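S.K.: Got a structure for you, questions after.
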Amino acid sequence: MTDISDWAGLRAPGSGAALRPEGPHALCEPDGRRWPVVDGIPFLRLGREALAADALARLDAGDRAGALALLLADQDDWWTGPPANPADLARLVAEAGTLSLRDAMGLLGFGRVGDYFAHRWSDPTYLAGLSLIEAHGGAAASAFELACGIGHYGREFIRRGVAYTGADVVFAKLWLARHWVAGPGARLVCFDAAAPWPVASGSFDLVLCQDAFYFLDPKPEILGRLRGLLAAAGLLAVGHVHNREVENHSAGRAVTAAELARLFPDGLFYDDAELTRALVEGHVPVPGAPEALRGVEAFAVAAGPGRGAPGSLAGGYAMPPPGAAPRPNPLYGDDGALRFPSERYASEYGGLATYPPRFAPSPDDASRAAAIRCRALVDLPERW
């Protein structure tokens with residue numbers, strides 16, 4: 001797990017002052033203001049000063065469980081569900097070592113967001129992100145992800161030896177990433193994208209924001225900060241940005257093709273669905289001019305000094321690393337027919353699914369590879 005000393009060099013989200021480790025569970029500003037760190041994850045949210053102070057008081061008193069429960073209850077401003085039940089959070093903290101990922105999300109009260117995370121490994125928008133990364137930045141040695149959620153992409157980076165830093169505004173998601181998905185090798189930090197960022201600039205081969213950019217404002221400022229994290233030959237990958245001109249399930253602040261083109265003058269633009277097809281079929285994804293993409297549901301963009309032309313998707317992130325053990329997609333029932341977890345999930349993802357409506361595993365190598373590509377077979381975490 002990331003040691004607190006690894007966070008030397010972070011900057012305070014308000015003052016911009018350098019943070020230094022102070023003891024096992026705090027980062028400290030020069031004026032003495034402190035921020036909590038639990039399980040190697042700094043909590044640096046502006047507007048949550050009282051919560052940070054309460055968590056620190058519990059940590060100082062030796063009550064890690066109490067501090068963790070406080071931070072796990074915090075949510076983002078888009079959250080519309082009920083608050084997590086304190087008794088459920090206490091159970092989650094006490095039994096984290098034995099619970100499944102789905103059990104943990106249930107105790108957090110994630111609802112349909114939990115369905116989304118539980119099945120994201122076969123979500124067509126997730127495959128589009130893998131395709132964008134592989135086509136343009138598959139050889140990256142270091143990566144930063146904004147709005148990383150529970151660490152789906154981080155898991156893939158870490159298993160391939162990429163030094164990974166993930167950031168999200170919701171501490172609970174990062175904590176799930178730490179213990180169930182990305183693991184102890186991930187550097188994870190909780191902060192608000194709209195506030196000054198604590199992460200050092202100019203150091204990442206790959207900077208990504210997948211299936212979240214449409215939520216974020218102010219977009220020009222946030223995009224500038226993403227670009228500021230790029231190394232000299234770095235790639236910026238921004239995927240599944242919802243199109244405001246097309247009816248879709250966007251709950252955020254979607255954009256038009258023209259707006260996206262202004263934000264990314266150096267961008268190579270894709271229909272998100274083309275990226276998904278490319279990964280499933282193993283062909284090089286075909287970009288398009290922004291004006292030609294006005295009718296697509298969602299856009300993706302590759303930009304930055306290291307962008308280059310799209311490359312082959314023959315292997316890389318399309319397939320699991322050696323030693324993985326893909327299993328039938330859990331959306332299939334015992335009879336091999338699809339069972340979606342909710343009507344909302346079926347409406348949002350069912351029509352876009354790359355996996356067939358019925359599936360029976362085959363020992364044939366070619367059939368198995370095709371089943372992995374379309375995600376009829378899925379490489380899930382051990383404690384899924």
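The values are calculated or read from the model by the stated rules, or taken from the named source; none is laboratory data. Since we're looking at a predicted model, the values are computed, not measured. Heads up, the Cβs are rebuilt from the backbone with ideal geometry, glycines too, and the neighbour counts pull from every protein chain shown. The protein model used for the area step is the full one, side chains on, heavy atoms only, and it has no ligands, DNA or RNA in it. Shrake-Rupley method; radii C 1.70, N 1.55, O 1.52, S 1.80 Å.
S.K.: Take ALA18 and tell me if it is at pLDDT 95 or above, open to solvent by less than 60 Å² (accessible area, probe 1.4 Å) and not hydroxyl-bearing (Ser, Thr, Tyr). Please lay out each step first, then the result.
M.R.: On the way: at pLDDT 95 or above: no; open to solvent by less than 60 Å² (accessible area, probe 1.4 Å): yes; not hydroxyl-bearing (Ser, Thr, Tyr): yes.
In short, no.
S.K.: Continuing with this model, one more query. So which of GLY109, GLY129, GLY32, GLY47 ends up being within 30 Å of PRO330 (Cβ to Cβ) and part of a loop (DSSP other than H, G, I, E, B)? Steps first, please.
M.R.: On the way: GLY129 fails: part of a loop (DSSP other than H, G, I, E, B); GLY32 fails: within 30 Å of PRO330 (Cβ to Cβ); GLY47 fails: within 30 Å of PRO330 (Cβ to Cβ).
Going through GLY109, GLY129, GLY32, GLY47 in turn, just one is within 30 Å of PRO330 (Cβ to Cβ) and part of a loop (DSSP other than H, G, I, E, B): GLY109.
S.K.: Still on this model: Which of the residues spanning the stretch 72-107 are under 19 Å from the mean Cα position of the chain (by Cα) and within 16 Å of LEU51 (Cβ to Cβ)?
M.R.: Scanning the stretch 72-107 gives LEU72, ASP74, GLN75, ASP76, ASP77, TRP79.
S.K.: Could you check the stretch 1-15 and list, in sequence order, the residues that are open to solvent by 20 Å² or more (accessible area, probe 1.4 Å), among the aliphatic types (A, V, I, L, M) and at pLDDT 70 or above?
M.R.: Start the filter on the stretch 1-15 by keeping residues that are open to solvent by 20 Å² or more (accessible area, probe 1.4 Å), which leaves 1, 3-6, 8-9, 11, 14-15.
Remaining after also requiring among the aliphatic types (A, V, I, L, M): 1, 4, 8.
Result: ILE4, single match.
S.K.: If ASP123 passes every condition in (1) of a type outside the set (A, V, I, L, M); (2) more than 29 Å from VAL238 (Cβ to Cβ); (3) open to solvent by less than 10 Å² (accessible area, probe 1.4 Å) but one, which one does it miss?
M.R.: Single failed check for ASP123: (2).
S.K.: Every residue in the stretch 49-71 that is open to solvent by less than 60 Å² (accessible area, probe 1.4 Å) and either closer than 17 Å to ILE4 by Cβ or modelled with pLDDT under 95 (or both), please.
M.R.: ALA52, ALA55, LEU56, LEU59, ALA67, LEU68, LEU71
S.K.: Here is a follow-up. Condition first: more than 20 Å from LEU260 (Cβ to Cβ), touching a Leu at 6+ places or on another chain (Cβ under 8 Å) and open to solvent by 10 Å² or more (accessible area, probe 1.4 Å). Now tell me which residues in the stretch 183-193 satisfy that. Talk me through it step by step, then tell me what you get.
M.R.: Initial filter on the stretch 183-193 (more than 20 Å from LEU260 (Cβ to Cβ)): 183-192.
Among the residues that remain, those that are also touching a Leu at 6+ places or on another chain (Cβ under 8 Å) are: 188-192.
Passing the criteria: only ASP192.
S.K.: Could you please let me know if ALA140 is at pLDDT below 95 and farther than 23 Å from LEU352 by Cα?
M.R.: Numbers: at pLDDT below 95: yes; farther than 23 Å from LEU352 by Cα: yes.
Spelling it out, ALA140 is indeed at pLDDT below 95 and farther than 23 Å from LEU352 by Cα.
S.K.: For the stretch 173-193, how many residues are outside any loop (DSSP other than H, G, I, E, B) and in contact (Cβ under 8 Å) with a residue 60 or more places away in the chain? Break it down stepwise before answering.
M.R.: First pass over the stretch 173-193, keeping only residues outside any loop (DSSP other than H, G, I, E, B): 173-181, 187-190.
Remaining after also requiring in contact (Cβ under 8 Å) with a residue 60 or more places away in the chain: 174-176, 178-181, 187-190.
Number of matching residues: 11.
S.K.: Find the strands (runs of 3 or more DSSP E) located wholly in the stretch 194-312 whose residues include 3 or more that are surrounded by fewer than 16 Cβ atoms within 10 Å (Cβ to Cβ) and not aliphatic (A, V, I, L, M), and list them. Full working, then the answer.
M.R.: Numbers: elements: 204-210, 230-242, 268-271, 298-303.
Filter on the stretch 194-312 gives an empty set.
S.K.: Could I ask something else about it? Only one of these conditions is not met by PHE43: (1) under 24 Å from GLY183 (Cβ atoms); (2) touching a Cys at 6+ places or on another chain (Cβ under 8 Å); (3) free of Cβ contacts under 8 Å to residues at least 24 places away in the same chain. Which number is it?
M.R.: It fails just one condition, (3).
S.K.: Which one is nearest to GLU274 (Cα to Cα) among residues in the stretch 339-371 that are surrounded by fewer than 17 Cβ atoms within 10 Å (Cβ to Cβ) and aliphatic (A, V, I, L, M)?
M.R.: For the stretch 339-371, the residue satisfying everything is LEU352.
S.K.: Quick check: anything in the stretch 72-85 in a helix (DSSP H, G or I), buried (at least 16 other Cβ atoms within 10 Å of the Cβ) and of a type outside the set (Phe, Trp, Tyr)?
M.R.: Within the stretch 72-85, one or more residues are in a helix (DSSP H, G or I), buried (at least 16 other Cβ atoms within 10 Å of the Cβ) and of a type outside the set (Phe, Trp, Tyr).
S.K.: Taking the stretch 313-332, which residues are at pLDDT below 95 and either among the small types (Gly, Ala, Ser) or open to solvent by 60 Å² or more (accessible area, probe 1.4 Å) (or both)? Write out each step before concluding.
M.R.: Narrowing the stretch 313-332 to residues at pLDDT below 95: 313-325.
Listed by number, the residues that qualify are ALA314, GLY315, GLY316, ALA318, PRO322, GLY323, ALA324, ALA325.
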